1. Rounded, prolate or oblate: which one fits segment 27-142, using the alpha carbon gyration tensor with axes a ≥ b ≥ c (rounded when a/c is under 1.5, else prolate when a/b beats b/c, else oblate)?
2. If you wrap segment 138-229's Cα atoms in a convex hull and average its projection over all directions, what's the area in nm²?
3. On a C-alpha basis, how far is the centre of segment 12-72 from the centre of segment 110-129 in Å? Whole number, if you could?
4. Would you please state the base-10 log of I(q)/I(0) at q = 0.19 1/Å for segment 282-347, with intensities from the Debye formula using one equal scatterer on every alpha carbon?
5. Can you check how the C-alpha radius of gyration of segment 179-266 compares to 2.2 N^0.38 Å, as a plain ratio?
6. Pairs of alpha-carbon atoms within less than 8 angstrom and 6+ residues apart define the contacts here; what relative contact order does segment 273-341 have, in percent?
7. Starting with the highest mean, order 282-291, 98-107 by the number of other Cβ atoms within 10 Å, averaged over the residues of each peptide.
8. Arrange the peptides 22-34, 265-277, 136-148 so that the one whose residues have, on average, the most other Cβ atoms within 10 Å appears first.
Ligand code: 5AD
């Protein structure tokens, strides 16, 4: 369809579309090869064929929140809860460093055990031992003061998906205590404090439409984050969304490609959820313009417990095994995992 091609060209050139144009594009896009090829081209110009790796350490599956989609929500009495000690986290970093990881991502539910004091101490110890590594946090919503303390302790980046930029949709996915307004405030606070910020959303979350997706793209444009995490929604059996359908892999790839066109410099992960949904999902993510993967560095004993959705891959793999597998897969499609912090490249 000629007008779709024109919209994609416009997006690549102007890095923006109106809401109406987004809806029109998302309603009618059928040929994916054109946007994928354009997204790859831009990615190659900025990041070459490098794939950045991030070592994901899932520090706790305790969570005080009750997000309807998430397997570690507090009402899930069947979740087998755990938290990692500082020593266990440092052991993960040690293993990761030896494997070539230069970014460590500490992710967890909103677990009050990890006070600012506890987290700052862990961050400082990691930075002390591995000064050339980046520390990324993914620990949910906090106050400006808490984010500031974490930044001052040495954290470099923070991941906090906005989940959906539509108020109504947001409140259908989250308990009443969580608001889109506060989520946005957190993201702007993080930016102001100088974090490299990651936002993003699930594709195919219950209630999502092309209109809400258009709002997601407009919000991302406004926020201009350094990282954008996009993965398919996958139901978890012990959540209220157990019977909902999973998001589409193809649609996820399209959203990754369009995000690359809109925010050319962005660090875009080819997510584990995408790899869970389709066998070659993570390679396809790279071929749609993604440039980051986040293999699991968590201790094997806890991997099966950090389940945000069903059938998550790599719960049994060793970190070394995961990295080697990915390396082989990416090599076969012409990409290379590199030993680097993999920072955001600013526009020059
Ligand atoms: N399916 C896919 N992604 C999920 N997340 C949480 N639950 C699910 C699910 N059921 C995503 C959210 C969150 C990130 C850490 O994981 O978008 O921000």
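Where a number appears in this text, it was derived from the coordinates with a stated rule and is not lab data. From a predicted model like this one, the values you see are computed outputs, not experimental measurements. Cβ: placed from backbone, ideal geometry, glycine included. Neighbour counts: every protein chain shown.
1. Values: a/c = 2.77, a/b = 1.32, b/c = 2.09.
Cα axes put segment 27-142 in the oblate bin.
2. Numbers: hull surface 22.2 nm².
It is 5.5 nm².
3. Centre-to-centre distance over Cα atoms comes out at 29 Å.
4. Cα-only, vacuum Debye calculation for segment 282-347: -0.88.
5. Computed over Cα atoms of segment 179-266, the ratio equals 1.16.
6. Values: 35 pairs, mean separation 20.2, N = 69.
Value for segment 273-341: 29 percent.
7. Working: 282-291: 25.2, 98-107: 20.7.
Peptide ranking by packing, descending: 282-291, 98-107.
8. Most protected by this proxy first, the peptides run 265-277, 136-148, 22-34.
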